[in-house]
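Worksheet for the structure shown next.
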Amino acid sequence: MFYINNSTYILQNVSDIFGCFMENEYFCSKYSILLIKSNKRSFIEMKKMMSTAAVMVALAGTVMFTSCGKSDLYDANLVNEKTVKSYEQQFIEAFGPVSENQSWDFTASAKASTRGDVQSTVVWNTKQHGNNFFAFVDEDFEGVKEQVESAAVVDWKPYASMIIHPVYAKGTGDDYAYHTVGVKFNGQDKLINYLFTVNAKDNTWYSGLGKAPGTNNLNFNTGREIDSEDMMGVEGFFWYAVVTPSATNASGIASDAEIWNNLEQHKLTTCKMFTVNGRQYVAFDCNGDKDYSDLICLLENYQVKEAEIVKTEAKRYMMEDLGSVGDFDFNDCVVDLTKTTWSDGKVETKGVVRALGGKLDIAILIGGKQVWAKSAQEGLDVKTMYNTTNINKSNVYGEFDASDWQPSDNNISFAVKGENAQDITTMIEFPKTGTIPQMVAVKADHDWMSERTRVPRISWFE
């Protein structure tokens, strides 16, 4: 007598039960019932009693009753291989032979949603300030120095329109150096950098009306009207800040090599912004010491262009886990992946689990890295199916970062763990063209089938 899957089996002749079980249909595809037969007589009397684990106890020391082939040892890989072959055969019976040109990415004909071509124009015009410029430079000086010390550091918004005037600077060393804030586009100077350059030294403040020596280095009432809004989304456009020694660089314009070879140091990403006597100022750090006193400019008519979406790529992946071979409902896991590109260069890729029609543990991998698992998701039970009966397409059963997703490569895969301890974890990759699929990619708004409802035909995925 031995036990399998809560059933008691009483055998008159144990030796008669061994052999080639798969060839004689002794092993069901769900692994849930192992039915032993004999060509001459039946030896089975069944009664629900114990768990599957009792098989090993009952037969210990006599024989390992885990064979499902022509070897005497359980081979989980062989079981899985036979299950896959059974699945493939049933798929062909249900849908017919698969064309060698059949792709399982049904989004191939759908173009990514894009904003359209972005313009690549920087507007810059000389702008003279009124005669009262010198008066308020003097009036604001002490307040500006205080704000440079106390104001919060904020992000510099590179896509904006403004009128900007260099007003104050503080030297950083014993020798004169140019404190420059400029703009580059594809490695070429699109603004005359000297416009944003002040020559200063000796840790001394330079400002108007004789506050410090060298004030003639400041072109106080000459600024620029700048509009860089249209550069949003243009590759190679950025603002930069740099200090260049006057002795070795008469123009004060840093070379492309200096900027590009030290981009992490020079690319302008932060600043301090504040208001003194009703006037708006921006303070830049040009040498990396983060004191934001290197160059302070007056801002007028300052308007920032907010980032907008320029491209969206989205796919819905639907998967079969082989837990129930032959139903072909492709709802064992339904997951949406969306890659959004913003005009300021930011990229956000997100995954959302929409349905789980299987009772096995499923993990999602992007680029070979696990990003989500059913067993790890709070509030989900591995053996419970979700959103495959009364389907609500807006339901969410898990969210994850999918930054490694490459839409054109479909580099998503699923790891499915079998019900029993001895079962292997099956890896389901995106199918190659012309093969039998366990996963398909469809448009992001495509429906999925309810539980145990077979996909009617291959063209339904389109």
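The values are calculated or read from the model by the stated rules, or taken from the named source; none is laboratory data. Just so it is clear, the model here is predicted, and its values are computed rather than measured. So basically every Cβ, Gly included, is an ideal-geometry build from the backbone, and we count neighbours across all protein chains shown. Just so you know, the surface numbers come from the protein's heavy atoms only, side chains and all, with ligands and any DNA or RNA stripped out. Shrake-Rupley method; radii C 1.70, N 1.55, O 1.52, S 1.80 Å.
Against the conditions (1) modelled with pLDDT of 80 or more; (2) hydrophobic (A, V, I, L, M, F, W, C); (3) closer than 30 Å to V382 by Cα; (4) surrounded by fewer than 20 Cβ atoms within 10 Å (Cβ to Cβ), V325 satisfies every one except (1). Filter segment 345-356 down to the residues that are surrounded by 14 or more Cβ atoms within 10 Å (Cβ to Cβ) and of a type in the set (K, R), then identify the one that is nearest to N387 (Cα to Cα). This residue is R354. With respect to being surrounded by 15 or more Cβ atoms within 10 Å (Cβ to Cβ), basic (K, R) and outside any strand (DSSP E or B), K359 fits the description.
Of all residue pairs spaced 6 or more apart or on separate chains, those with beta-carbon atoms under 7 Å, a first member in segment 382-398 that is in contact (Cβ under 8 Å) with a residue 12 or more places away in the chain and under 16 Å from M319 (Cβ atoms) and a second member that is of a type in the set (V, I, T) and outside any loop (DSSP other than H, G, I, E, B) are Y397/V353; G398/V353. Residues of segment 362-381 that are surrounded by 14 or more Cβ atoms within 10 Å (Cβ to Cβ) and either free of Cβ contacts under 8 Å to residues at least 12 places away in the same chain or within 21 Å of F430 (Cα to Cα) (or both): I362, A363, I364, L365, I366, G367, V371, W372, A373, K374. Do we have S403 as open to solvent by 40 Å² or more (accessible area, probe 1.4 Å), of a type in the set (G, A, S) and without any contact (Cβ under 8 Å) to a residue 12 or more places away in the chain here? So S403 fails the test.
Restricting segment 222-238 to residues that are under 14 Å from K305 (Cα atoms) and modelled with pLDDT of 75 or more leaves a set whose member that is most open to solvent (accessible area, probe 1.4 Å) is D227. Selection of strands (runs of 3 or more DSSP E) fully inside segment 141-210 by the criterion of at least 1 residues being modelled with pLDDT of 80 or more and buried (at least 17 other Cβ atoms within 10 Å of the Cβ) returns 160-170.
Being β-branched (V, I, T) and within 21 Å of the chain's Cα centre (by Cα) is the requirement here; does V382 meet it?
So V382 does not fit the description; no.
So is S413 touching a Leu at 6+ places or on another chain (Cβ under 8 Å), open to solvent by less than 60 Å² (accessible area, probe 1.4 Å) and in contact (Cβ under 8 Å) with a residue 12 or more places away in the chain or not? So S413 fits the description; yes.
With a requirement of 3 or more residues that are touching a strand residue (DSSP E or B) at 6+ places or on another chain (Cβ under 7 Å) and modelled with pLDDT under 95, the strands (runs of 3 or more DSSP E) lying completely within segment 370-462 that satisfy it span 412-417, 425-429. Scanning segment 141-157 for residues that are farther than 19 Å from K290 by Cβ and out of contact with any Lys or Arg (no Cβ under 8 Å at 6 or more places or on another chain) returns E142, G143. Consider segment 245-259 and keep the residues that are modelled with pLDDT of 65 or more and touching a His at 6+ places or on another chain (Cβ under 9 Å). The one that is surrounded by the most Cβ atoms within 10 Å (Cβ to Cβ) is I259.
Screening S408 on (1) over 23 Å from A94 (Cβ atoms); (2) open to solvent by 30 Å² or more (accessible area, probe 1.4 Å); (3) in contact with a helix residue (DSSP H, G or I) (Cβ under 8 Å, 6 or more places away or on another chain) shows it passes everything except condition (3). Restricted to segment 331-352, and to residues there that are modelled with pLDDT of 95 or more and of a type in the set (A, V, I, L, M, F, W, C), the residue that is nearest to the chain's Cα centre (by Cα) is L337.
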